[in-house]
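J.: Got a structure for you, questions after.
The values are calculated or read from the model by the stated rules, or taken from the named source; none is laboratory data. Only a predicted model underlies this, so the values are computations on that prediction, with no experimental measurement involved. Cβ placement follows ideal geometry from the backbone for every residue including glycine, while neighbour counts extend to all protein chains displayed.
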Amino acid sequence: MSSFYRILSGAAALALFAIPSFGAAQEATITYVRADIIAAASEEAGAADPVQIVHARLADGTEVRFEHIVVHNRADLLLSPGDRVILQHLTRADGTESFFLQEQYRLPWLGALLLCFLLLGMVVGGWRGCTSILGLAVSIAIIALVFFPLIVAGWSPLLVCGAGAFLIALTTLYLSHGFNLRATLGVIATAGTLLLTIGLGALAVSVTKLFGLGSEESVFLQSGMAEAMNLRGLLIGGIIIGALGVLDDVTMAQIAAVDEVHKADRLAGWRSLYRAGISVGREHVASMINTLALAYIGASLPLFLLFSLNEDVPLWVTINSAFIAEEVVRTIVGSIGLLLAIPIATWLAARTYARR
């Protein structure tokens, strides 16, 4: 095994150990508590991985002490008085306790960022911005409260994600754009394109012999958390959900463009409307494909960089790996769905508005 894959295996083992259900002994319990750092003194200052002896105060006023290893002596990982962190509280069967650093406490800043986004969306978008935010909330609720429980309960991930995608498209498009002809055409065009994307995604995953094991998270699911889960279906379901967010944007943009052209020229036939809509769509799709690909690459940038630094494995073997192949299939299938959405939505809108 090359040194590169030893690194990956070691990272997987560490991540696996970090999951309480795997890493903690059965007789021990783990809880999580917030704590404020009171003092942090460094020991072994010259070591590659120095250790800090940290004193912290829990939310109930209890003061505790724990060790914090500063990986690779990175100054930005040092703890300082005033920092608020999350600690793992390990209680063993004999009553002894230990505390370990879990994460910096980030929720207040995440909440501030979310509030900033919501306010800006309502100010800039007006009423449509408010309804779009509501549509986003409904989408997240469907995924969290419907998708996850059903998949964990043993339902087919492909079936759940496929049917759920239609439900998300139906609710969010009407919430975001109102109950009108544009939204109805958007739902029809998005549903038709989703059907083609689902079929294409299933075909692509099958012919490339992908099994959904291209990420550590999938390995964890298969190794104990959800042994019977269909990871191939989960991979296709992820492709569907990832493509949905782009499809509804493209379909609504095309339908709106055709509608505006129709309002400007009430006598235009459907062919003229179609040509005008396609002209707008070609400009739109050029940027959207690039956006889709960069979004997928950006989400996995550290691992892509790790692959690029590996000199033991040839490039063609790296590209052939399950992880890279999954991202390639995800990007290409999503992009093809995007390309198909342009003519489908434009043709549907042109035929509908020409008759009006």
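J.: Examine segment 31-52 for a residue that is hydroxyl-bearing (S, T, Y), part of a loop (DSSP other than H, G, I, E, B) and free of Cβ contacts under 8 Å to residues at least 40 places away in the same chain, and state whether such a residue exists.
T.: No, the conditions are met nowhere in segment 31-52.
J.: Right, next: How about segment 247-356: which helices (runs of 4 or more DSSP H) wholly inside it have at least 2 residues that are at pLDDT 80 or above and buried (at least 18 other Cβ atoms within 10 Å of the Cβ)?
T.: Counting at least 2 such residues, we get 270-299, 322-354.
J.: Would segment 141-157 turn up any residue that is modelled with pLDDT of 90 or more, over 30 Å from F211 (Cβ atoms) and out of contact with any Pro (no Cβ under 7 Å at 6 or more places or on another chain)?
T.: For segment 141-157, residues modelled with pLDDT of 90 or more, over 30 Å from F211 (Cβ atoms) and out of contact with any Pro (no Cβ under 7 Å at 6 or more places or on another chain): present.
J.: If the Cβ limit is 8 Å and pairs must be 6+ apart or interchain, which residue in segment 181-196 that is assigned by TED's automatic domain parsing to the domain that holds A350 and farther than 13 Å from F166 by Cβ pairs with which residue that is surrounded by fewer than 18 Cβ atoms within 10 Å (Cβ to Cβ) and modelled with pLDDT of 95 or more?
T.: Matching pairs, first to second residue: none at all.
J.: Let me ask you something else. Considering only residues that are part of a strand (DSSP E or B) and either at pLDDT below 90 or over 16 Å from F100 (Cα atoms) (or both), which ones fall in segment 54-66?
T.: Selection gives nothing.
J.: Tell me, please, whether a residue that is among the polar types (S, T, N, Q), modelled with pLDDT under 85 and not assigned by TED's automatic domain parsing to the domain that holds L244 can be found in segment 70-81.
T.: Scanning segment 70-81, I find at least one residue that is among the polar types (S, T, N, Q), modelled with pLDDT under 85 and not assigned by TED's automatic domain parsing to the domain that holds L244, so the answer is yes.
J.: Restricting to segment 100-111, count the residues that are closer than 10 Å to V85 by Cβ and among the hydrophobic types (A, V, I, L, M, F, W, C).
T.: Residues that pass the stated criteria total 1.
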